[in-house]
Structures are given as structure tokens and as C-alpha cells.
């Protein structure tokens with residue numbers, strides 16, 4: 001075999017050099033490098049990558065012309081792109097179908113762009129494979145394998161502001177304890193991430209005052225919740241209110257948070273007032289019904305307790321809950337007060353349990369109805385417990401069982417004022433005993449939760 005050693009081949013005339021004849025084969029030995037500093041033509045398809053079979057499990061810098069299998073089973077991985085030159089290509093494939101659990105981030109070099117944006121791109125679809133080619137400084141790296149830039153979109157998650165913002169794992173939580181605006185600046189490119197989890201609790205009703213017998217506790221504010229499948233927390237048994245999903249950006253949702261109803265003022269037998277509604281998007285929770293004095297309790301999200309009075313031994317009924325009606329029901333009925341020589345008031349209804357009745361004989365007040373517990377805020381918290389009814393001479397009723405925010409009714413002889421419902425928990429105020437004022441209902445709250453990473 002003959003061998004020619006030269007440093008440069010130039011044409012004898014003209015501008016073209018031909019190597020060999022048709023049918024000849026030219027072999028490039030292993031380890032040799034061809035360094036193209038000009039324009040390559042007639043080499044077949046362009047824009048393809050040469051795949052590297054060493055799987056990447058940690059952050060690395062890609063080389064133009066190569067494709068990489070990326071395994072995020074052990075955690076998120078960042079791919080740093082090389083400096084962009086026209087025609088440069090980089091390809092990425094989800095090795096273990098885990099990009100949805102631990103994302104793969106694509107970071108452009110310096111001031112280069114991805115799809116016209118200087119933001120990092122996030123690959124969050126399990127099993128995805130993308131090829132990116134650098135086109136120019138205006139658009140930067142573009143996805144070409146399927147023609148859809150959304151395959152490496154810059155915002156697979158919602159971006160929003162409003163209220164007090166906290167995080168829990170991969171979720172953001174916006175808590176509104178007063179009026180405000182939930183503002184969406186970017187929708188998620190992954191459709192499932194656009195469904196919101198939410199809790200809407202209205203203000204609880206106020207308890208009644210008295211100058212004699214025990215009176216009714218306030219009903220709890222209406223309780224409505226819906227949990228998105230992508231937000232991992234334990235919802236209440238009332239999960240299932242209408243689904244709310246973000247469909248466009250920018251979008252703003254005005255938030256209304258209902259105040260608690262005032263308690264009836266002593267001296268005298270005076271009813272409390274109803275709580276106010278809370279609103280998020282198309283979902284409204286009704287304020288809790290008022291605790292009654294000598295009459296039936298008020299209607300509302302949960303019904304207020306009936307008042308106790310001297311008279312024929314016929315109970316004064318509690319107010320109707322789930323008014324107006326929703327599905328699932330936003331609350332329950334209040335308990336009955338007792339008409340007797342010694343009369344107690346009924347307990348206000350709660351999200352899950354009806355208010356207790358004052359028993360025959362009338363002295364004890366009825367217990368407040370059971371509220372509902374949800375983990376939407378990041379920890380299990382109870383809301384919308386009914387206020388306890390007041391008693392004349394015996395023990396008072398209590399607020400909702402557990403931590404649901406209902407105020408306790410007053411008891412004893414001489415008596416006293418009912419306890420207020422807990423702020424931003426939507427509990428009813430406690431009913432009063434002899435000479436006392438009714439407790440104020442607890443204010444409501446709106447909580448919104450969604451996946452952000």
C-alpha cells in the first residue's frame with residue numbers, strides 16, 4: 001500500500017479538488033478527527049445528533065452534535081447547553097420516564113435564548129425526547145423533533161400572586177384572610193397543573209344574648225373544597241365542589257372573605273347576626289345562620305341554634321343549613337333550644353355535624369356541630385364548627401368537637417357571655433347564659449393550592 005504525506009491539498013487550477021473515482025471508499029481511522037471550518041454540502045440529512053450511551057445522572061454541559069440519555073430517578077438534572085452557533089444540535093431523552101417526578105432543566109449558555117426566551121426550559125413529561133437546534137440570536141435554540149416548542153416549554157407550571165404565599169413540597173399555597181386578588185401571570189403548559197385546589201369558608205354566625213335563659217349558638221360558615229389530583233394532601237370528606245381550572249393568562253380572580261356575625265348584646269334577649277359569604281371564582285360559601293333568642297335559629301351555610309325560653313315545653317327549632325343548597329352540602333342544621341322553666345339554647349350547625357339540641361329540662365345548652373378538617377394549608381386544620389348553645393343554670397354547650405373553630409356557649413348561674421369563634425376558621429359564636437352577650441362568629445378564609453415545580 002502506497003502512502004502520501006502532505007500538509008495541504010490545493011487544486012492545480014480552478015477551485016475544486018476531487019478525491020478518487022465513483023465507487024471508491026475512503027476510510028477514516030479510529031481516533032481521527034475531521035474538523036469542518038467551512039460549509040458541508042451533499043452529506044445527507046442535517047440536524048441529527050450522535051447519541052452518547054453513557055447515561056447522565058447529574059448536571060453536565062452538553063457538546064454540540066451530541067444526544068444524551070438523562071436519568072432523573074435520583075433527583076433533578078440540569079443540562080447546560082454549549083454556546084450557540086447556527087446549526088448546532090443537542091438532543092435529550094428521558095432515560096427512566098421520570099421527568100414528571102424530577103424535572104430536567106435546560107440552561108442556555110450566557111445570553112443565548114431557548115425558543116426566544118432567556119428563561120430556562122423545563123422538561124416535565126415522562127419519556128420525552130427533544131432535539132434542539134440553534135438558529136440565531138433572536139430565537140436561539142428551537143425544538144425540531146416534533147415541531148412543537150411546547151415540548152420544552154418555559155412554564156409547565158402556573159405562575160401566580162396574591163394573598164400570603166407559602167410552600168409545601170412541590171406546591172404553593174395562597175391564603176387570603178381578607179379581600180384580595182389571585183392573579184395568574186402564566187398558565188401551565190401541562191394541562192393537569194392548571195387545576196386548582198381550593199377551600200372557601202364563610203364567616204360564622206353570632207350567638208344570642210339573654211337576660212334569662214340560655215340562647216342559641218351561631219351556625220358555622222359554609223365550607224366548600226375541591227382537591228386537584230396533582231396536589232398531594234388529605235382533603236376533607238366534603239371534597240368535590242366544582243372544579244376550577246386556569247385557562248388563560250393573565251387572569252385575575254377577585255377574592256371575598258366573609259366576616260363573622262356579631263353576637264347579640266346584653267342586656268336583653270337579642271339574636272346574633274348572620275355571617276357573611278366568602279367567594280372565589282364561581283364558588284360562594286354562605287355565611288353561618290344567627291343564633292336565636294327565644295325563637296328559631298337563622299338559616300345559612302350552617303343553621304344557627306334555636307333559643308331557649310320559658311313557656312310550653314316545645315323546642316324552638318334550629319335554622320336550616322346548606323342554604324342556598326350546594327353539592328356537596330356546605331353545612332348542616334342548627335340544634336333546637338328548649339322551652340321550659342329552665343331553658344337552654346341549641347348549638348349551631350357545623351360543616352359535618354348538626355348542632356346539638358338542648359335536652360328536656362332545658363338547663364344544658366346544645367353542643368356545636370362538628371366542623372371539617374383538611375390539610376390544604378400544609379397541616380390538618382379544622383374549620384366551620386358550630387357555636388355552642390348557652391344554658392340557664394347548668395353547664396354550657398361547647399364549640400365544635402376538636403379544632404374546628406366554633407365558640408363555646410356560656411353556662412352556670414350566674415351566667416356569662418358566649419365565646420367568639422376563631423378568626424379565619426368560620427366557626428359560630430357561642431350563645432349566652434343569664435345576663436351575658438353572644439359570642440362573635442369567626443371570620444372566613446380562602447386558600448388556593450397548586451403545583452409549582
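Values quoted throughout were computed directly from the atomic coordinates according to the rules given, and no laboratory measurement underlies them. For clarity, every value in this text was computed on a predicted model and none was experimentally measured. Here the Cβ is made from the backbone with ideal geometry for all residues, glycine too, and neighbour counts use every protein chain on show.
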Task: Fraction of antiparallel bridges per DSSP, region 50-152 only, in percent to nearest 5 - done: 45 percent
TODO: Determine the percent antiparallel among the DSSP beta bridges restricted to the chain, to the nearest 5.
DONE: 75 percent
TODO: Highest first, please rank the peptides 419-428, 240-249 by the mean number of other Cβ atoms sitting within 10 Å of their residues.
DONE: 419-428, 240-249
TODO: Treat each spin label as a single point 7 Å out from the Cα along the C-beta direction, and report the residue 137 to residue 191 distance in nm.
DONE: 4.0 nm
Task: In range of the label at residue 252: residues from region 182-224 whose backbone nitrogen is under 18 Å from the point 7 Å along Cα→Cβ - done: 182-187
Open item on the list: Just want to confirm a number: the relative contact order over the chain, from Cα pairs under 8 angstrom separated by 6+ residues, in percent.
Closed with: 14 percent
- [ ] Over region 50-152, calculate the relative contact order: mean separation of alpha carbon pairs under 8 Å at least 6 apart, over the residue count, as a percent.
- [x] 24 percent
Task: Estimated distance in nm for a label pair at residue 234 and residue 102, the labels positioned 7 Å out from Cα along Cα-to-Cβ - done: 2.8 nm
Open item on the list: I'd like the FRET efficiency for residue 111 and residue 327, computed as 1/(1 + (r/R0)^6) with the beta carbon distance as r and R0 of 45 Å, rounded to 0.05.
Closed with: 0.25
